[in-house]
Amino acid sequence: MAHGPSENFFTRWFFSTNHKDIGTLYLWFSFAMFLLGGAFAMIIRAELFQPGMQLIKPEFFNQMTTMHGLVMVFGAIMPAFVGLANWLIPMMIGAPDMALPRMNNLSFWILPFAFTILVATLFMEGGGPNFGWTFYAPLSTTYAPDTVNYFIFGVHLMGASSIMGSINIIATVMNMRAPGMTYMKMPLFVWTWLITAFLLVAVMPVLAGAVTMMLMDINFGTSFFDAAGGGDPVLFQHVFWFFGHPEVYIIILPAFGVVSQIIPTFSRKPLFGYSSMVYATAAIAFLSFIVWAHHMFTVGMPIAGELYFMYATMLIAVPTGVKVFNWITTMYKGALTFETPMLFCIAFVILFTFGGFTGMMLSIAAADTQYHDTYFVVAHFHYVMVAGAVFSGTAAIYYWLPKWCGRMYDETMGKVQFWLAFIAFNITFMPQHFLGLAGMPRRYSDYGLQFADWNMVSSIGAFMYGGAQLLFLFNVIRTIGWGKPVEDPKVWEGADGLEWTLPTPPPFHTFSTPPVVK
Amino acid sequence: MAEQGNYYVPEQSKLPLLAALGMGTMGFGAATWVIDGQSATVFVVGLAILAIVMYKWWSVVIEENMRGMVSDQLKHSYVLGMLWFIFSEVMFFAAFFGALFYVRVLVNPWIGGEAAITLFDDTPTDASVANSELLYPGYESTWPPLITPDQAANGESAKFVGPDQAMSFPGFSNWQRILAWLPLWNTIILLTSSYTVNIAHHALKEGNRKIFTRWLGITVFLGGVFLVLQAEEYIEAYQHMGLTLDSGIYGTTFFLLTGFHGAHVTLGTIMLLVSFLRGLKGHFKNDDHFGFEAAAWYWHFVDVVWVGLFLVVYVFD
Ligand code: HEM
Ligand SMILES: [Cu+2]
């Protein structure tokens, strides 16, 4: 067995069984998808720059909103955190690698195939999926283009990848911890991923069920979602959101984990309320299974259902509040410094909390009748998903990249990127709250003149935000190739945890004998 | 292959990439196949690639184990992997059971005109009248809907004879019909097979190879019989009962639930068959036979699903 990576490029990257290399593959794939999804967003914002139809046809606009959502959720954010899990979990729990290294590589390599199939539909007759990332029936069944079948099997593939990836993570965490690394000593990133993996194994099969029902309705005459056969289109929404709401926590929980690692480092204090963080994460995961119909307040539910889903949704604010409180208390009286990862994490805490508040507004069933399907919802979920998940992912790269490759990123450039991203993000999405409250519906390619000003502002912000990502890419490449070497195993003065006991950069095989944790 | 200190990390492998290639080709091929309705070539090529890779992959794993390269820790990872895989399968079925529950318990009365939106005010609306015009002529909100959309469109030839004469529990009064009731036989067969696989398991643990292969063989046989009977039931449904995929929500839920169960029984039977063949080759030791154990767990899982199906699809109609 070679103790370093294989010399041959193809062998190393295509046949890998190494958690670091596979993690790297996930991260680059995710960034490529981030740029692709971002390009779709640029097209959307360019069309919405002014009222009237300028650049593209409405049919294509629909494909762009759909593909933007799908690519960002399934192609960019989820694989990014799986990539981080691959790199970090073995290093954090004192394992040599993931529990099932070959399956690990399979989970990754399914993704390029799945997304090739999905993106290829854009070039096929009838165009790509055009029914929104939530693909409600009957838009996605009776009225869908034929290419919906490619979409269906693409989703099946992504699901298979996610399930295998999650099983691997669960097996790693349950089975590969170094002696002495008890559950309640695990770093929070590991905890949040363990719970996320559980959510994934529980709900990805339900998503598979939803697309399978679509497949049958479309091609084999069944009537799951067809009232003319005694079925119900609303059934689709129930099945989808039973997956979909846990999915948003699948996206945000690992982000919570990242933030819970970084804030203590730059506060030079241990995380405040470790065990309450663990319990809050578990509580959020549990609640996420029983609140799904808050996405469906306007479809026609019994009053009892509306009330139940309203109150249950509001409950989520409690464990979420615990987390925000703990992050802030960790910083309180700490010896704070504001390196780029910390800046992103502080922005995360502020903006994610803001997004949580708009979530609270949306959870009021009566009020949601007004907000539903407007830009207010778009603003809400971009605050939690971009300023939440994407900011924390960016923070994670700045924070661990020096450890991984033994080279420091350019701090000034990092800070410039942060401020650019932070300002541009708010310019893009803050006005969308106003647009939504004023009644602008989401997913339309044109709008009334009264919405013109804020849309233009939002588009300008979006282009700036896109530019900030290119700066990020440049900084990362520069770091890997030409960054100033770092030798200190700890990299950051306040860092704590097993991964910082390894040499910088860490050896190809993480721990060849298990470390003992006291 | 490397034992690193106390740890095990496998060598690089071509198999995962090839498996992904097989799966991707299958996915693409399946979509092409359903769209133009004929050319399954790409799908079949993908399936072939995947089948070959899986055969190779498991051969490698088996060989590693026989050569003693698999540590106890890795064995435990395999156990965890299988358990969580079964859990994901449970959730897949949960989606379909949930769908059945939702249409049967909630939607059916709602589109039949029962006050829906106003749970606290149950004045009936006259939606039933409107719905039978809106949905299809003759629609009535019963479970199962007796006049199917298929019949409404195609007349008597597609008449659904109704579950009384077909799938559902015929009642205790008529023992002859009970005896001819396929689902009951299927239940007996599957439950028995869960028991026989258990006998095999115990025999293996006690090191009694002969009893092991005998009872495992019987289990595989029972699995096969179940599948034949299930196919027979489908043929009956299509040819004599007017119950098809097109016959509205009852046919939909009936065929999808039993169909996916049948697919899982097929998979389980194949897994047991492989274990049987491996048993003949003497692969299993009395304290080391996870390949078989995983298949047995899977078999118990499809058994439990069947009991659920038997109750909600057949008995409590
Ligand atoms: C305190 C926490 C939260 C609450 C109370 C909440 C509540 C809601 C509600 C009620 C809606 C439905 C609005 C409508 O369609 O009319 C919604 C939409 C949404 N939320 Fe949240 N949310 C919270 C946190 C999150 C998080 C953490 C994420 C993801 C990281 C997220 C992602 C989304 C998405 C993607 C949608 C829109 C889905 C769509 O229709 O396309 N939310 N939220
Ligand atoms: Cu939700």
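Using the Cβ-Cβ distance between A:Tyr136 and B:Lys210 with R0 = 51 Å, the FRET efficiency computed as 1/(1 + (r/R0)^6) comes to roughly 0.30. The residue list B:Tyr195, B:Trp215, B:Leu227 was ranked by how far each Cα lies along the charge dipole of region B:183-317 toward its positive end, using unit charges on Cβ atoms, and B:Trp215 comes out on top. Using a 7 Å offset from the Cα along the Cα-to-Cβ direction at both A:Ala46 and A:Phe338, what is the distance between the two label points in nm, to one decimal? Roughly 3.6 nm, to one decimal. Quick one: pull the percent of accessible area on region A:293-369 belonging to carbon and sulfur, 1.4 Å probe, ligands and nucleic acids left out. Summing carbon and sulfur atoms, their accessible area is 81 percent of the total for region A:293-369. Peptide A:14-21 shows a mean partner chain C-beta count of 3 within 10 Å per residue C-beta.
Simple point charges give the picture: +1 on the Cβ of Lys and Arg, -1 on the Cβ of Asp and Glu, and for region A:24-501 a dipole about the Cα centre of about 1180 debye. For region B:174-317, carbon and sulfur atoms together expose 68% of the accessible surface, with a 1.4 angstrom probe and every protein chain in place.
Using only atoms on other chains, find how many Cβ atoms lie within 10 Å of each Cβ of peptide A:151-157 and report the average. Show your work: numbers first, answer last.
Values: counts 1, 4, 12, 4, 1, 5, 6.
Neighbouring Cβ atoms belonging to other protein chains average 5 per residue here.
Straight Cα distances below 14 angstrom link A:Lys490 to the aspartates and glutamates A:Glu499, with same-chain residues fewer than 8 positions distant left out.
Taking packing as the residue-averaged number of other Cβ atoms within 10 angstrom, the listed peptides B:99-106, A:134-141 run from highest to lowest as A:134-141, B:99-106.
Please work out how much length the chain gains when fully extended from A:Ile480 to A:Ala367, using 0.36 nm per residue of separation minus the C-alpha to C-alpha distance, in nm with one decimal.
Details: separation 113, 0.36 × 113 = 40.68 nm, distance 4.92 nm.
Extending this stretch completely gives an extra 35.8 nm.
Cross-link partners for B:Lys281 among the aspartates and glutamates, with Cα-Cα distance under 15 Å and sequence neighbours closer than 8 places in the same chain left out: B:Glu63. A simple spin-label model places the labels of B:His76 and A:Leu437 5.5 nm from each other, with each point 7 Å out along Cα-to-Cβ.
B:Lys56 sits with roughly 110 Å² accessible to a 1.4 Å probe, with DNA, RNA and ligands left out of the calculation.
Projecting the Cα atoms of A:Trp292, A:Cys405, A:Ala424 onto the charge dipole of chain A, computed from C-beta unit charges around the Cα centre, puts A:Cys405 farthest toward the positive end. Ranking B:Trp299, A:Trp133 from most to least accessible surface, computed with a 1.4 Å probe over the protein chains only, gives A:Trp133, B:Trp299.
What value in Å³ per residue do you get for the convex hull of the alpha-carbon atoms in the protein assembly as shown?
Values: hull volume 144.3 nm³, N = 835.
Output value, Cα hull per residue: 173 Å³.
Stretching the chain fully between B:Lys281 and B:Ala51 yields a gain of 80.7 nm (0.36 nm per residue, less the alpha carbon separation). Accessible-area loss of 20 Å² or more (1.4 Å probe, protein heavy atoms, chain alone versus all protein chains) is found in region B:244-273 for B:Leu245, B:Asp246, B:Ile249, B:Thr252, B:Leu256.
Using only protein heavy atoms and a 1.4 angstrom probe, determine the accessible area buried between B and A, summed over both sides, in Å² to the nearest 100. Provide the component values of the computation, followed by the final result.
Numbers: alone 18300 and 20230 Å², together 32370 Å².
Accessible area lost upon association: around 6200 Å².
If you take the beta carbon distance between A:Leu35 and B:Val304 as r and set R0 to 51 Å, what does 1/(1 + (r/R0)^6) give as a FRET efficiency, to the nearest 0.05? Walk me through the intermediate numbers first.
Numbers: r = 46 Å, r/R0 = 0.91.
So, using R0 = 51 Å, E works out to roughly 0.65.
Here the peptides A:31-37, A:105-111, A:502-508 are ranked by packing, the mean other Cβ count within 10 Å, and the order with the highest first is A:105-111, A:31-37, A:502-508. Relative to the Cα centre, the charge distribution of the protein assembly as shown, modelled as +1 at Lys and Arg Cβ and -1 at Asp and Glu Cβ, gives a dipole magnitude of about 2820 debye. Where only DSSP H runs of four or more residues are counted, chain A gives -22500 deg cm²/dmol as its mean residue ellipticity at 222 nm, each run worth -39500 (n - 2.57).
Past the 29 Å Cα-Cα mark, which pairs from B:Lys75/B:Lys210; A:Lys185/A:Lys333; A:Lys20/B:Lys205? Result: A:Lys20/B:Lys205 exceed 29 Å. Taking Cα centre as origin and charging only the Cβ of basic (Lys, Arg, +1) and acidic (Asp, Glu, -1) residues, the dipole magnitude of region B:1-70 rounds to 80 debye.
Could you give the accessible area per residue of region B:1-70, probe 1.4 Å, as a whole number in Å²? Working shown, then result.
Working: 3570 Å² over 70 residues.
Result: 51 Å² of accessible area for each residue.
Rolling a 1.4 Å probe over the protein chains gives A:Glu339 an accessible area of about 40 Å².
Of the whole protein surface, B:Asp72 contributes about 120 Å² of accessible area at a 1.4 Å probe radius.
For the residues of A:165-177, the average number of beta carbons from a partner chain within 10 Å of their own beta carbon is 4. From the alpha carbon centroid of region A:51-72 to that of region A:313-364 is 32 Å. Put simply, when A:64-77, B:276-289, A:323-336, A:161-174 are sorted by average Cβ atoms within 10 angstrom per residue, most first, you get A:161-174, A:64-77, A:323-336, B:276-289.
The long axis of helix A:274-288 is offset from the longest Cα principal axis of chain A by roughly 20 degrees. Excluding same-chain neighbours fewer than eight residues apart, the lysines reachable from A:Lys484 by a Cα-Cα span under 21 Å are A:Lys403, A:Lys415. Per residue, the accessible area of region A:384-513 comes to 41 Å², computed with a 1.4 Å probe over protein heavy atoms only.
The values are calculated or read from the model by the stated rules, or taken from the named source; none is laboratory data. In this text the structure is predicted, and so the values were computed from the model without any measurement. Here Cβ is always computed from backbone atoms with ideal geometry, including for glycine, and neighbour counts include all displayed protein chains. For the accessible areas, the whole protein counts, side chains as well, though only heavy atoms, and no ligand, DNA or RNA atoms are used. Shrake-Rupley method; radii C 1.70, N 1.55, O 1.52, S 1.80 Å.
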